[in-house]
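Structure first, then comments.
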Amino acid sequence: MDLRIRAMTEDDCEAVAAVRVGGWQWAYAGLMPQAYLDAMSVEEDAARQRGRLVGGHGTVVNIVAERDGVVVGWACFGPCRDEDTPAGAQELYALYVRPEHVSSGVGRALMDTWLERATAAGCSPLVLWVLKENSRARRFYEKAGFTPDGAEEPFQVGDAKVPEVRYARSFSRAG
């Protein structure tokens, strides 16, 4: 099956919402309050995705992975939101894959696309936040060359605070 990475369009909002909600419910089971995960709505998330995509200022990039015309993964990245990172830092805000496509190369293709675009633009360092207890995701990011940089903070999920750690990867101008 051919995998295609392309820019997200407004027509993809429902599919991306299904990827994100399904990804959260699968990947974060046992790591976040189950009631919060169960209450997630694809319809509400699609409306948020549409608002962000249409109302964006051009600094955030959304890409999708498509197999046989079906969106099976999504990534979103742009300028780093952390004040303690240098100018030119870029952040991976999200990377989700449909659970049935995990370990099939979809996540790796999305990651590679981000890395290629960020290095071509001269962005460094590259950062991302990951749940501290999400060992699967941490292994994935470590295989891509990211390491924890020592920053930690709680992520508010409903009434719970879930610890996150920041990962970073630097590049020279030569890549």
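The values are calculated or read from the model by the stated rules, or taken from the named source; none is laboratory data. As the structure is a prediction and not an experimental result, all values here were calculated from the model. Glycine also receives a Cβ, built like all others from the backbone with ideal geometry; neighbour counts cover every protein chain displayed. Only protein heavy atoms, including side chains, enter the accessible area calculation; ligands, DNA and RNA are left aside. Shrake-Rupley method; radii C 1.70, N 1.55, O 1.52, S 1.80 Å.
All told, Thr85 falls short of being in contact with a Gly (Cβ under 7 Å, 6 or more places away or on another chain) and open to solvent by 10 Å² or more (accessible area, probe 1.4 Å). A count restricted to the stretch 3-18 and to residues that are within 20 Å of Glu100 (Cα to Cα), of a type outside the set (A, V, I, L, M, F, W, C) and not in a strand (DSSP E or B) stands at 2.
Only strands (runs of 3 or more DSSP E) whose full extent lies in the stretch 54-160 are considered here, and the ones with at least 3 residues that are within 25 Å of Leu3 (Cα to Cα) are 61-67, 70-79, 90-97. Checked against the criterion of being open to solvent by less than 70 Å² (accessible area, probe 1.4 Å), closer than 23 Å to Ser135 by Cα and either in contact with a Ser or Thr (Cβ under 7 Å, 6 or more places away or on another chain) or free of Cβ contacts under 8 Å to residues at least 24 places away in the same chain (or both), the candidates Leu31, Leu37 yield just one match: Leu37. For Asp82, state whether it is out of contact with any strand residue (DSSP E or B) (no Cβ under 8 Å at 6 or more places or on another chain) and among the charged types (D, E, K, R). Here the answer is no, as Asp82 does not meet what is asked.
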